[in-house]
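First the structure, in the form of structure tokens, and then the observations on it.
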Amino acid sequence: MNLSAAMEEEIKVKVVQRGLSSPEELLRRALDALDEIDREDERIRQSVRRGVEEYERGEAMPADEVFERLRAKNAAFRKRVL
């Protein structure tokens, strides 16, 4: 792998800043983070797909009802917390 001097320096800085043992550990963590992003993207896609399917079956809820339910949940939460 050919890296520019600037990229190599950035890697060295990140390794030190994060208290890592090596550039390899930094790369492993970066790849793990990308894998998690990919998994979350897939979860979102599946959720959207389910929502579209529900909508197509006529199971959608009007937006004003959704927002009213959210406002009620928020109010109940604030009463408990505040």
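Summary of computed values
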{"item": "Between 0 and 90°, nearest 10: helix 5-17 axis offset from the chain longest Cα axis", "result": "70"}
{"item": "Counting all C-alpha pairs of the stretch 5-81, share separated by more than 21 Å (%)", "result": "62"}
{"item": "Separation in nanometres of the label points that stand 7 Å from Cα toward Cβ, at residue 16 and residue 68", "result": "6.1"}
{"item": "Helical contribution to [θ] at 222 nm, DSSP H n ≥ 4, -39,500 (n - 2.57), averaged over the chain, rounded to 500", "result": "-28000 deg cm²/dmol"}
{"item": "The chain: angle of helix 63-81 to the longest principal axis, Cα-based, in degrees nearest 10", "result": "70"}
{"item": "Neighbourhood net charge (14 Å Cβ-Cβ; Lys/Arg +1, Asp/Glu -1) for residue 72", "result": "+3"}
{"item": "For the chain, the longest site-free run once trypsin sites (Lys or Arg not before Pro) in DSSP loop states with at most 14 other Cβ atoms within 10 Å are removed", "result": "19-56"}
{"item": "FRET efficiency, 1/(1 + (r/R0)^6) with R0 30 Å, evaluated for residue 38 and residue 76 via beta carbons", "result": "0.25"}
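Just so you know, all these numbers are worked out from the coordinates, no wet-lab data involved. It should be emphasised that the depicted structure is a prediction, and the values quoted were computed from it without experimental measurement. So basically every Cβ, Gly included, is an ideal-geometry build from the backbone, and we count neighbours across all protein chains shown.
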